[in-house]
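> The structure's right below; bear with me while I get my questions together.
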Amino acid sequence: MPKLKTHKGTKKVLNVRNSGSIKIGHPGTRHNTGKKNAASNRSGRSASTLSKADANRFKKVQF
């Protein structure tokens, strides 16, 4: 069986922590943040953990 290629789109978005949980950023924080209120900009800076159901979907995807 051939090697699995890394899914580049997933690699740019997800990160695996040492505990095994998957780190993902909040959506809507890349650009056009001047019109959003400061509270939403602050909360977007902190990382979020991918839910267990979604994490199971990425078990076979290389990233």
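The numbers here are math on the coordinates, done by the rules we state, and not lab data. Remember, it's a predicted structure, so these values are computed and weren't measured experimentally.
> Does residue 35 satisfy the criteria of being among the basic types (Lys, Arg) and more than 14 Å from the chain's Cα centre (by Cα)?
yes
> I need the full set of residues from region 1-18 which are of a type in the set (A, V, I, L, M, F, W, C) and under 15 Å from the mean Cα position of the chain (by Cα), in order please.
13, 14, 16, listed by residue number.
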